[in-house]
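*Asks:* Handing you a structure now.
The values are calculated or read from the model by the stated rules, or taken from the named source; none is laboratory data. Values in this document were obtained by computation on a predicted structure and should not be read as measured data. Heads up, the Cβs are rebuilt from the backbone with ideal geometry, glycines too, and the neighbour counts pull from every protein chain shown. Note: accessible area is taken over every heavy atom of the protein model, side chains too, but ligands, DNA and RNA are not part of it. Shrake-Rupley method; radii C 1.70, N 1.55, O 1.52, S 1.80 Å.
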Amino acid sequence: QVHLVESGGGLVQPGGSLRLSCTASGTIFAIDSMKWYRQVPGKQRELVATLTGGGSAYYVDFATGRFTIYRNNAETTMYLQMNSLNLEDTAVYYCNADIKSRPGTISSAYWGQGTQVTVSS
């Protein structure tokens, strides 16, 4: 079994920064693609950034130039560095990862519990 635990959310002023963390634990053979999503109450969950198994990073328009997705292999932790935050960035942020628990098996998708990011002056 695999679990993802997020942290790093909080309250920041416009223009501020936060670094979100998501740590995977359990039976892990390999971590493939990783993604960060966010969701505002009453709205659909939306993609923020993607980190492929090959190390390529992709960002949606609102994140480009402000957010950075990366991974720490030794700690089985992935991060989302968020700079120049604005009011529209307020949301619950979720990590998602495709993980193989055993060699020779297909990967499964896992979700973190979410962490609240609030941008307010």
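*Asks:* Can you tell me how many residues in region 71-91 are open to solvent by 30 Å² or more (accessible area, probe 1.4 Å), touching a residue at least 60 places away in the same chain (Cβ under 8 Å) and hydrophobic (A, V, I, L, M, F, W, C)?
*Replies:* Pass one, region 71-91, residues open to solvent by 30 Å² or more (accessible area, probe 1.4 Å): 71-76, 81, 83-84, 86-88, 90.
From what is left, the residues that are touching a residue at least 60 places away in the same chain (Cβ under 8 Å) are 81, 83-84, 86-87.
With hydrophobic (A, V, I, L, M, F, W, C) added as a condition, the list becomes 87.
Result for region 71-91: 1.
*Asks:* Now, a different point. If you check T50, T64, T68, which single one turns out to be surrounded by fewer than 18 Cβ atoms within 10 Å (Cβ to Cβ), outside any strand (DSSP E or B) and without any contact (Cβ under 8 Å) to a residue 60 or more places away in the chain?
*Replies:* Working: T50 fails: outside any strand (DSSP E or B); T68 fails: outside any strand (DSSP E or B).
After ruling out the rest, the residue left standing is T64.
*Asks:* Working only within region 1-28, note down all residues that are within 20 Å of F67 (Cα to Cα), part of a strand (DSSP E or B) and open to solvent by less than 50 Å² (accessible area, probe 1.4 Å).
*Replies:* Listed by number, the residues that qualify are E6, G10, V12, L18, L20, S21, C22.
*Asks:* Please count how many residues of region 2-45 are polar (S, T, N, Q) and without any contact (Cβ under 8 Å) to a residue 40 or more places away in the chain.
*Replies:* Taking region 2-45 and keeping what is polar (S, T, N, Q), we get 7, 13, 17, 21, 23, 25, 27, 33, 39, 44.
Filter once more, so that each one left must be without any contact (Cβ under 8 Å) to a residue 40 or more places away in the chain: 44.
Summing the residues that are polar (S, T, N, Q) and without any contact (Cβ under 8 Å) to a residue 40 or more places away in the chain in region 2-45 gives 1.
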